[in-house]
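A.B. asks: Structure incoming, see below.
The values are calculated or read from the model by the stated rules, or taken from the named source; none is laboratory data. Computed from a predicted model, the values in this text were never measured in an experiment. Neighbour counts are summed over all protein chains in view; Cβ atoms, including those assigned to glycine, are modelled from backbone coordinates with ideal geometry.
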Amino acid sequence: MQSLKTTKQFSYTYKKGMRTHRVFFAIYSLPLEGLPPFFGNPKTSLLGLSVSKKVGKAVQRNLLKRRVRTILSHAHLEKQVLVFVAKVGIASLSYTELKQQILACLKRKHPHKGALRRV
């Protein structure tokens, strides 16, 4: 899984992507097909992490980012662009609770656009 790098990539995903959310986070998703040229030509999924200072100190934020990367890399998702946006209070979740909530969010259907794509 590669990382999103530029503000333009994040902004495009926020505007055009499908949003699903929970109390402690939101996930934006876009298929890899038909992406604009500034995304390059990704061969694997792209992941962007947005974790503000409101979530906690640097140690907590970095731990959260490592956990999210691990969970999503083992989730066997279809190739897509994902942006994970953490909200205040997410640091209180254990790894197991975080994993359950992320996987439940990925399975949840969006009322107008179908489900997030899982393989």
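A.B. asks: What are the residues in the stretch 27-42 that are touching a residue at least 24 places away in the same chain (Cβ under 8 Å), part of a loop (DSSP other than H, G, I, E, B) and either among the polar types (S, T, N, Q) or out of contact with any Lys or Arg (no Cβ under 6 Å at 6 or more places or on another chain) (or both), if any?
C.D. replies: Selection gives LEU35, PRO36, PRO42.
A.B. asks: I've got another one for you. Looking at LEU49, LEU106, LEU98, LEU64, which one is modelled with pLDDT under 95 and within 17 Å of ALA26 (Cβ to Cβ)?
C.D. replies: LEU106
A.B. asks: Going through the stretch 11-37 one residue at a time, which ones are over 20 Å from ALA91 (Cα atoms) and either exposed (fewer than 13 other Cβ atoms within 10 Å of the Cβ) or polar (S, T, N, Q) (or both)?
C.D. replies: Selection gives SER11, THR13, LYS15, SER29, GLU33, GLY34, PRO36, PRO37.
A.B. asks: Which one of these is assigned to a helix (DSSP H, G or I) and either of a type in the set (A, V, I, L, M, F, W, C) or closer than 17 Å to LEU98 by Cα (or both): VAL59, VAL55, VAL23?
C.D. replies: After ruling out the rest, the residue left standing is VAL59.
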